[in-house]
Amino acid sequence: MFQRLPSALPGCVELQPRVLSDARGRFVKTFHAAAFQQLGLCDQFAESYYSVSQRGVIRGLHFQTPPMAHTKLVYCVAGAVLDVVVDLRVGSPTYGQHALFELSAEQGNSVYIPAGMAHGFYTRSEQATLVYQVSTVYAPQHDAGILWNSAGIAWPEDAAPILSERDQQFPTLAEFVSPFRDAE
């Protein structure tokens, strides 16, 4: 049902579902509990939401801290984004490293992001809608992030990415004291 494509970050995977296309358009299954169980992935999501962003917008790099840290499943239902994940798990062989994914409505693919990783994206199309499924509910006191340009990410060449004031105030990766620990 889903092809599991590994990334450079342990536990973070790209999922490619079967995309059914015909004259009417496309049909994509984004989640199936039993299939996720078989793949060893979280199959319990507590909340779902989406964002709509214009070309050139960077959102991130976001996460929630323990005890409200969450696993995320993200996918693009309109447009295209460059999706980015940064490993924040102390003791992980890939701590501080990142992985890049091209998500688009056309591909129907998604990224599975375990707790302890920061997430962000850059909008490539005129507009993009990104859907998030998370394993814990939003908890403002645990909402956090690291500065978008502090993790060595090669963001697309853009004179001035569009950022929220909040995203510009996060600490750098070097300043961030991670509460996450590698489980392995």
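Looking at region 128-145, can you tell me whether even one residue there is over 24 Å from PRO67 (Cβ atoms), polar (S, T, N, Q) and in contact with an Asp or Glu (Cβ under 8 Å, 6 or more places away or on another chain)?
Here is the first cut: in region 128-145, the residues over 24 Å from PRO67 (Cβ atoms) are 128-131.
Restricting the remaining residues to those that are polar (S, T, N, Q) gives 129.
Adding the requirement that they be in contact with an Asp or Glu (Cβ under 8 Å, 6 or more places away or on another chain) leaves none.
Checked region 128-145: no residue is over 24 Å from PRO67 (Cβ atoms), polar (S, T, N, Q) and in contact with an Asp or Glu (Cβ under 8 Å, 6 or more places away or on another chain).
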Seminar exercise, completed: Flagged pairs (Cβ under 8 angstrom, 6 or more apart or on separate chains; first in region 124-151, over 22 Å from SER110 (Cα atoms) and touching a residue at least 40 places away in the same chain (Cβ under 8 Å); second of a type in the set (Phe, Trp, Tyr) and in a loop (DSSP other than H, G, I, E, B)) are ALA144/PHE170; ILE146/PHE170; ILE146/PHE176; LEU147/PHE170
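Would you pick out the residues in region 87-126 that are out of contact with any Phe, Trp or Tyr (no Cβ under 8 Å at 6 or more places or on another chain) and either basic (Lys, Arg) or farther than 28 Å from VAL19 by Cα (or both)?
Going through region 87-126, the residues out of contact with any Phe, Trp or Tyr (no Cβ under 8 Å at 6 or more places or on another chain) turn out to be 91-102, 104-107, 112-114, 121, 123-126.
GLY91, SER92, PRO93, THR94, TYR95, GLY96, GLN97, ARG124, listed by residue number.
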Problem set entry | Scope region 1-25; condition exposed (fewer than 12 other Cβ atoms within 10 Å of the Cβ) and touching a residue at least 40 places away in the same chain (Cβ under 8 Å); matching residues | none
For this session: Return the only residue of SER150, SER53, SER92 being more than 22 Å from SER164 (Cβ to Cβ) and either surrounded by fewer than 19 Cβ atoms within 10 Å (Cβ to Cβ) or among the hydroxyl-bearing types (Ser, Thr, Tyr) (or both).
Result: SER92
Exercise. Going through region 125-151 one residue at a time, which ones are within 24 Å of CYS76 (Cβ to Cβ), among the small types (Gly, Ala, Ser) and assigned to a loop (DSSP other than H, G, I, E, B)?
Worked result: SER125, SER135, ALA151
Problem set entry | Pair list, Cβ under 7 Å, 6 or more apart: region 153-178 residue without any contact (Cβ under 8 Å) to a residue 12 or more places away in the chain and farther than 16 Å from PHE121 by Cα, other residue of a type in the set (Val, Ile, Thr) and in a loop (DSSP other than H, G, I, E, B) | none
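Output the number of residues of region 1-22 satisfying the condition of being among the β-branched types (Val, Ile, Thr) and more than 15 Å from the chain's Cα centre (by Cα). Reasoning before the result, please.
Of the residues in region 1-22, the ones among the β-branched types (Val, Ile, Thr) are 13, 19.
The next check asks that each one be more than 15 Å from the chain's Cα centre (by Cα); those that pass are 19.
Looking only at that region, the number is 1.
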For this session: Sort out for me the strands (runs of 3 or more DSSP E) sitting completely within region 1-93 that have 1 or more residues that are closer than 25 Å to GLN168 by Cα and in contact with a Lys or Arg (Cβ under 7 Å, 6 or more places away or on another chain).
Result: 47-54, 80-87
Seminar exercise, completed: Among residues of region 23-59 being over 30 Å from GLU126 (Cβ atoms) and of a type in the set (S, T, N, Q), the residue nearest to the chain's Cα centre (by Cα) is GLN44
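Rule-based calculations on the coordinates, nothing more; no lab input. Just so it is clear, the structure is predicted and the values come from calculations on it, not from any experiment. Neighbour counts are summed over all protein chains in view; Cβ atoms, including those assigned to glycine, are modelled from backbone coordinates with ideal geometry.
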